[in-house]
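Visitor: There's a structure below that I have some questions on.
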Ligand code: HEM
C-alpha cells in the first residue's frame, strides 16, 4: 500500500504558501537530491506537499519512467484567450492554521533551495470568509471531499507510482471591478451556482458557458473529477486565485482546460475567463511517501 503525501488531504488549514522553483540543471544530481532532502527535513507540524515538473522528475528517476506527466504549454484559446505556460521544476505547498510556523517552514525550505535553484513564484494564500473565492462565491462545493472519493486524486494501487498524484497549478489574476459591476444574477450565470448559498443552477437556468457547465466533464460516461485545493491571494495591486488541483490522470485537467478555452467542437468558452486570466501554469507529479523517499535518496 503506497501512502500519499498526507498534506494533500488536510482541509483544516487557512494559511498557505506556494513556492515554485527553477532548478539549476547543470548541478550534480547528488547535490540536487541532498538539498531537496534538507528542505523537507523540518521539525515543525505544518503540512508540506512537494511535487516535481517533468524535466526534473526525469532527471531524478534515472530509469525510464511510466508517468504520463507533460510540461504545461501555453494554451491559446478562442478569441485570444490565453493561459500562460510557465512550467517550473519544484513546487512546495506549505499549509496549516499557523502563519508563523508556515513562515518558519518556508524559510527553511528556501535556505536549502537557494543554492540549487531560483525562486520563480512565492505566494501567500489564505481562506477568504467561509471558503469563498475573492469573486464572493464558495469555491470547493462540488469537490470530492470524502475519504472514499479521494481516489480521483491518486494513481491506483497496483500501478507504478501508486499513491502519487498528477497536479495542475495556475496563478489566476482577477479583474474584480469588472466582475463586481455585474448584477448578482449575472454573476451567478457566470459561475453556474447561486452566490449566497452555492446551489447549482438547474435546467434552463444553467447557461452552457458557465464555469460549472464547462468543468463538469464526462468522457465516455465517466465523470472527469479532480480534487481542488486552491486558495485566494492578494493585495491592493493584484488579487486572484492560486488554482491547485490533483488528479489520477492527466486527461482530467486537459479536458477541463480545453472546454474552458473553447477548444472543443462547440467552440464555447468559459465565461469566467472574461474576468480572470491565468498568469502561470505548471503540471506536476506529487509522489507517494515511499517513492518520494526513494527519489530524493542519494545512492
Ligand atoms: C479564476 C479561476 C477559478 C475560479 C475563481 C474558480 C471558481 C470556482 C467556483 C466558484 C466553483 C463552483 C463551486 C465549486 O464546486 O467549487 C468552481 C467549480 C469547479 N471548478 Fe473552478 N475556478 C477557477 C478555475 C478552475 C480551473 C482552471 C479548473 C480546471 C482546470 C476548475 C475546475 C472546476 C471544477 C471541476 C469545478 C466543479 C464542477 C462541478 O462538478 O460542479 N476551476 N470553480
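Visitor: Largest first and in whole Å, give the semi-axes of the chain's equivalent ellipsoid, each being the square root of 5 times a Cα gyration tensor eigenvalue.
Guide: For the chain, the semi-axes come out at 32, 21, 18 Å.
Visitor: Compute the separation of the alpha-carbon centres of the stretch 127-156 and the stretch 237-272 and state it in Å as a whole number.
Guide: 15 Å
Visitor: Give me the mean projected area, in nm² to one decimal, of the convex hull enclosing the Cα positions of the stretch 136-185.
Guide: Averaged projected hull area, Cα only: 5.4 nm².
Visitor: Moving on. Mean-square fluctuation check for the chain, GNM, Cα pairs under 10 Å: which of 83, 162, 62 is largest?
Guide: Ranking 83, 162, 62 by mean-square fluctuation puts 62 first.
Visitor: If you don't mind, another one. Between residue 204 and residue 115, how many nm apart are label points set 7 Å from Cα along the C-beta direction?
Guide: 6.9 nm
Visitor: Working from Cα positions, state the angle (0 to 90°, nearest 10) between the long axis of helix 251-260 and the longest principal axis of the chain.
Guide: The angle comes out at about 40 degrees.
Visitor: Determine the gain in length on full extension of the stretch residue 175-residue 97; use 0.36 nm per residue of separation and subtract their C-alpha separation, reporting nm with one decimal.
Guide: 25.2 nm
Visitor: Using alpha-carbon positions, what is the distance between the centroids of the stretch 85-108 and the stretch 41-69, in Å?
Guide: Cα centroid of the stretch 85-108 versus Cα centroid of the stretch 41-69: 15 Å apart.
Visitor: Please give the contour-minus-distance gain from residue 30 to residue 195: 0.36 nm per residue of separation, less the Cα-Cα distance, rounded to one decimal in nm.
Guide: Difference between extended and current length: 54.3 nm.
Visitor: What is the projected area of the convex hull of the Cα atoms of the stretch 103-250, averaged over all directions, in nm²?
Guide: So the Cα hull casts an average projection of 12.3 nm².
Visitor: If you don't mind, another one. For the stretch 53-132, just say rounded, prolate or oblate: build the C-alpha gyration tensor, square-root its eigenvalues into a ≥ b ≥ c, call rounded for a/c under 1.5, and beyond that prolate if a/b exceeds b/c, oblate if not.
Guide: Oblate.
Visitor: For helix 99-113, report the angle its Cα long axis makes with the longest principal axis of the Cα atoms of the chain; keep it between 0 and 90° and round to the nearest 10°.
Guide: Compared with the principal axis, the helix lies near 50 degrees.
Visitor: Based on the Cβ-Cβ distance from residue 37 to residue 107, what FRET efficiency comes out when R0 is 30 Å, to the nearest 0.05?
Guide: Step by step, r from the Cβ atoms, then E = 0.95.
Visitor: Still on this structure: Compute the helix-to-body angle for 29-40: its Cα long axis versus the longest principal axis of the chain, expressed 0 to 90° and rounded to tens.
Guide: 60 degrees
Visitor: Expressed in whole Å with the largest first, what are the equivalent ellipsoid semi-axes of the stretch 241-299 derived from the C-alpha gyration tensor as the square root of 5 times each eigenvalue?
Guide: 33, 14, 8
Visitor: Follow-up question, since we're still on this one. Just 15, 87, 157 to compare: in a GNM of the chain, with alpha carbon springs under 10 Å, which one fluctuates most?
Guide: Comparing 15, 87, 157 in the GNM, the peak value goes to 157.
Visitor: Limiting things to C-alpha atoms, what are the Rg and the maximum Cα-Cα separation (Dmax) for the stretch 168-257, in angstroms?
Guide: In order Rg, Dmax, the Cα atoms of the stretch 168-257 give 14.6, 45 Å.
Visitor: Still on this structure: Rounded to the nearest 0.05, what FRET efficiency do residue 266 and residue 186 have when you use their Cβ-Cβ distance and R0 = 22 Å?
Guide: Using R0 = 22 Å, I get an efficiency of 0.55.
Visitor: So what is the calculated 222 nm ellipticity per residue for the chain, using -39500 (n - 2.57) for each DSSP H run with n of 4 or more, over all residues, to the nearest 500 deg cm²/dmol?
Guide: Result for the chain, helices only: -6500 deg cm²/dmol.
Visitor: In nanometres, what is the gap between the two model label sites at residue 84 and residue 11, each 7 Å from Cα along Cα-to-Cβ?
Guide: Result: 3.2 nm between the two label points.
Visitor: Now for a different question. At 0.36 nm per residue, minus the direct Cα-Cα distance, what do residue 235 and residue 127 gain on full extension? Give it in nm, one decimal, please.
Guide: 37.5 nm
Visitor: Here's a follow-up. For the pair residue 290 and residue 274, how long in nm is the line joining their label points, each one 7 Å along Cα→Cβ?
Guide: 5.1 nm
Visitor: How would you classify the stretch 1-135 from its alpha-carbon gyration tensor, with a ≥ b ≥ c the square roots of the eigenvalues: rounded for a/c under 1.5, else prolate if a/b is greater than b/c, otherwise oblate?
Guide: Oblate, because a/c is 1.5 or more while a/b does not exceed b/c.
None of the figures in this text is laboratory data; all of them are computed from the coordinates on show. This structure is a prediction, so every number in the text was calculated from the model and none was measured. Neighbour counts are summed over all protein chains in view; Cβ atoms, including those assigned to glycine, are modelled from backbone coordinates with ideal geometry.
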